[in-house]
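The values are calculated or read from the model by the stated rules, or taken from the named source; none is laboratory data. Remember, predicted model here, so these are calculated numbers, not experimental data. FYI the Cβ positions are ideal-geometry reconstructions off the backbone, even for glycines, and counts take in every protein chain you see. Ligands, DNA and RNA are excluded from the accessible area calculation, which covers all protein heavy atoms including side chains. Shrake-Rupley method; radii C 1.70, N 1.55, O 1.52, S 1.80 Å.
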Amino acid sequence: MTKVVIAAGGTAGHVVPALAVADALRAEGAQVAFVGGDRAEAELVPAAGYRLHRIHVEGISRSNPLKAARAVGRAAGALRAARRILREERPDVVMGGGGYVAGPVGAAALRAKLPLVLTEADSHLGLTNRLLAGRATRVCLAFPLPGREGDRYRVTGRPVPPPATDRAAARARFGLADGDTCLLVFGGSLGARSLNEATIGAYGTAAPAGLRVLHAAGRRDHDDLAARLGDPAPAHYDLRPYIDGFGEALLACDLCVARSGGSVFEVAAAGRPAVLVPYPHAAADHQTGNARWMVDGGAAVLVPDAELDADRLRREVDALLADRDRLAAMAAASAGLARPDAAAAIAAEVLAAARAS
């Protein structure tokens with residue numbers, strides 16, 4: 001039995017793809033354990049049925065020297081902890097799921113001469129992957145990246161949970177009638193304030209006949225937005241802090257408005273057209289790169305965050321919903337960008353690295 005240790009932590013954007021790969025590895029008979037910290041992985045990994053070893057590590061601040069010094073000090077301790085975990089687990093291969101948790105674990109794997117497979121979920125290599133890529137057995141990329149070609153690199157796409165498939169059931173869950181058009185708006189677990197404000201401004205009071213707004217606002221802004229909508233909220237507006245079983249929301253909608261992090265692959269997996277508003281402060285502006293991938297593929301419209309307001313959002317959304325042929329073409333293009341085999345492809349690389357060692 002192949003034993004695999006996966007290092008992944010921080011945001012759900014790192015943990016969820018790693019869990020998809022873990023499931024694919026488990027389906028092939030591998031034994032998988034995780035190394036992570038105290039953020040999203042602390043809840044998601046045990047809930048998925050995997051053992052989680054915790055280490056104390058944090059990202060290196062680029063603006064606060066004291067926090068940067070603390071992070072460096074913790075990294076040394078995390079490296080020692082990672083070496084101890086690898087001695088305990090005795091894996092055949094280590095996978096780095098991106099983020100700062102993967103740094104000390106990847107370094108410990110290389111020191112122990114274990115094969116290391118890295119995954120990158122965004123349109124640029126993060127700091128950890130840039131430091132480790134030159135010695136990794138394989139680097140699995142979500143997007144083609146200039147200068148990252150050759151045998152060491154493989155474009156696999158970004159693993160996502162299996163998409164929902166019963167559209168009628170998904171629409172029934174959200175109370176959508178046969179003639180309703182559904183606009184889905186989301187911006188991550190905390191939400192995206194500019195999207196929230198623009199959507200409330202555009203559709204909070206009234207909407208075109210037959211349009212229903214399903215808005216996952218995030219926990220931070222939800223209560224304030226709910227107060228502004230009133231009690232009861234307008235019948236066309238379904239405001240929630242978050243949506244469990246999010247794949248059903250994607251399947252139920254006709255158009256989505258969103259940031260452009262790793263969720264662009266979930267949008268593509270569901271075959272949905274999108275209006276994308278990249279988060280302007282993302283590292284290396286990678287969300288703009290992610291969005292342009294969708295735009296170049298014919299699946300999305302890009303609106304810069306600085307240009308987003310209620311009027312601009314309403315113009316973009318209303319124009320798309322009024323042109324059903326264009327909307328259908330965008331949906332088909334979105335589905336064409338999907339990489340449903342991403343998790344299996346990465347799992348295959350991990351197992352191949354183990355066999356070759």
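Tabulated data
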| item | result |
| --- | --- |
| Average accessible surface area per residue within the chain, 1.4 Å rolling probe, Å² | 44 Å² |
| Longest site-free stretch - the chain; sites: GluC sites (Glu not before Pro), DSSP loop, at most 16 other Cβ within 10 Å | 150-357 |
| Tilt relative to the chain, helix 342-356 - C-alpha long axis, 0 to 90 degrees, to 10 | 0 degrees |
| For the chain, with +1 on Lys and Arg beta carbons and -1 on Asp and Glu, the positive-most of 267, 227, 184 along the dipole | 267 |
| Whole-percent pair-distance distribution, where bins are 5 Å wide, for the alpha carbons of the range 306-357 | 4, 16, 12, 11, 12, 10, 8, 9, 7, 6, 5, 1 |
| Carbon plus sulfur fraction of accessible area for the range 178-274, probe 1.4 Å, in percent | 49 percent |
| Normalised alpha carbon radius of gyration of the range 81-166 [divisor 2.2 N^0.38 Å] | 1.16 |
| For residue 46, net neighbour charge (Lys/Arg +1, Asp/Glu -1) across residues whose Cβ lies under 13 Å away | -1 |
| Dipole magnitude of the chain, debye to nearest 20 (Cβ charges: Lys/Arg +1, Asp/Glu -1, about Cα centre) | 1820 debye |
| Rounded tilt (10° steps) of 12-27 against the dominant C-alpha axis of the chain | 60 degrees |
| Peptide ranges 180-186, 12-18 listed from the most packed, as the mean C-beta count within 10 angstrom indicates | 12-18, 180-186 |
| Long-range amide H partners of residue 279 with built H, under 5 Å | 260 |
| Cα-Cα separations in the range 118-204 greater than 15 Å, expressed as whole percent | 72 percent |
| Cys with no candidate disulfide partner in the chain (beta-carbon separation under 4.7 Å rule) | 140, 256 |
| Cα pair count fraction exceeding 25 Å, expressed as % - the range 195-342 | 25 percent |
| Dipole in debye (nearest 20) - the range 139-210, about Cα centre, beta carbon charges: Lys, Arg +1; Asp, Glu -1 | 260 debye |
| Shape box of the chain [Cα atoms, principal axes, largest first, Å] | 63, 42, 38 |
| Cβ-based net charge around residue 236, under 10 Å, with every Lys or Arg adding one and every Asp or Glu removing one | -1 |
| C-alpha long axis of helix 310-322 to longest principal axis of the chain, angle in ° | 80 degrees |
| Listed residues 332, 279, 91: farthest to the positive end of the dipole of the chain (Cβ charges) | 91 |
| FRET efficiency, 1/(1 + (r/R0)^6) with R0 56 Å, evaluated for residue 28 and residue 318 via beta carbons | 0.75 |
| Loop-exposed trypsin sites (Lys or Arg not before Pro) per DSSP, neighbour cap 16 Cβ within 10 angstrom, longest uninterrupted part of the chain | 153-357 |
